[in-house]
1. How many percent of DSSP beta bridges within the chain run antiparallel, rounded to 5?
2. In debye, nearest 20: dipole of region 60-157 around its Cα centre with unit charges on the Cβ of K, R (+) and D, E (-)?
3. What is the ratio of the Cα radius of gyration of region 46-149 to 2.2 N^0.38 Å, with N the residue count, to two decimals?
4. Please state the charge dipole magnitude for the chain, taken about the Cα centre, from unit charges on C-beta atoms (+1 on K and R, -1 on D and E), reported in debye and rounded to the nearest 20.
5. Taking all protein chains in place and a 1.4 Å probe, what share, in percent, of the accessible surface of the chain do carbon and sulfur account for?
6. Using just the helices of the chain, give the 222 nm mean residue ellipticity in deg cm²/dmol: DSSP H runs with n ≥ 4 each add -39,500 (n - 2.57), and the total is spread over all residues, rounded to 500.
7. By how many nm would the segment from residue 153 to residue 31 grow when fully extended, if each residue of separation counts as 0.36 nm and the alpha-carbon distance is taken off?
8. Taking the chain as a Gaussian network, Cα atoms linked when under 10 Å apart, which of 90, 72, 34 shows the biggest mean-square fluctuation?
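The values are calculated or read from the model by the stated rules, or taken from the named source; none is laboratory data. Since the model is a prediction, treat every value here as computed from it, not as a measurement. Ideal geometry is used to build each Cβ from the backbone, glycine not excepted, and the neighbour counts take in all protein chains shown. Note: areas computed on protein heavy atoms with side chains; ligands, DNA, RNA excluded. Shrake-Rupley method; radii C 1.70, N 1.55, O 1.52, S 1.80 Å.
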Amino acid sequence: MTLRFLPADENTGLRFQRVDLPDTPPIPATLEYVVPRQRRTAIAHGGASVELIEHVMAALAGLQIDNCLIEVNAPEAPGADGSSLGFVQVLLDAGIVEQSDSRNVLVIRDACTARGDDERSEISAGPVFRRTLVISYELDYGPRSPIKPQLLTFEFSPEAFVTSLAFARTFILETEITALKAQGYGSRVTPADLLIFGSAGVIGNQVRATDECVRHKILDCIGDFALLGCDIHGHFRAYRSGHNLNHSICRMVAEAQHATHLLRQPA
Ligand SMILES: [Zn+2]
């Protein structure tokens, strides 16, 4: 499985191309092309789909790369180590070109909230005093979970993304892996591919930070918010939010009449 990042013209955005399906068009990585999935973000267009795009999207958005064609030769993006680190490293090695057109910025004026069906998860978006994106995430799976409650507020900058979020890996409970394997999924998953939490903690691996899980959840938010196709100035507050709720709040923000578009200020 191979993924290639290719340069793209101004205002073409982020698009995925299935090179193993040569007659299919590029798939724009925007909300309109998102298809419903469990525990991941996927897009589809013209008979092609790409699964598991969120960590690739986070790497691109985290580095403020607005235009890129991403070629993949398989139905899903490589999982790598479950984080965005490998993608960030190859993008930094390739180099980033400054283009001349301005980037739209969506400024959130009024608060809105998306809630999960189970009433145990929600995410809200509201205004922020500074011209930036702030994400506060509270992860709490209850007192009996081997994953302890974690709370983190992250103020976006490419530098902060690279140093504080890019390394944070996907995590899952051992009981969830067992259930997935019983359904025929994830048969190849090993403790090297992501963090697996058993009752006594991480199995066969070590955390890269004590709060690696909440850092990964914020990384997922950055990848999912990039589906808006513009910068965002606002403060998101998430409680146990996952990809589907992240998409819901993006749709609410995109539809809100009071969200205003500006142009990105020169760095
Ligand atoms: Zn993730």
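1. Values: 33 of 51 bridges.
Expressed as a percentage, antiparallel bridges in the chain total about 65.
2. Numbers: 8 positive and 15 negative charges, 79 e Å.
Around 380 debye, computed over region 60-157.
3. Details: Rg = 17.8 Å, N = 104, 2.2 N^0.38 = 12.8 Å.
For region 46-149, the normalised Cα radius of gyration comes out at 1.39.
4. On the way: 24 positive and 32 negative charges, 110 e Å.
Computed about the Cα centre, the dipole is about 520 debye.
5. Details: 6820 of 13480 Å².
The value for the chain is 51 percent carbon and sulfur by accessible area.
6. Values: 5 runs with 55 residues, N = 267.
One gets -6000 deg cm²/dmol as the mean residue ellipticity at 222 nm.
7. On the way: separation 122, 0.36 × 122 = 43.92 nm, distance 2.48 nm.
Result for the pair: 41.4 nm of gain on full extension.
8. With Cα springs under 10 Å in the chain, the top fluctuation among 90, 72, 34 is at 90.
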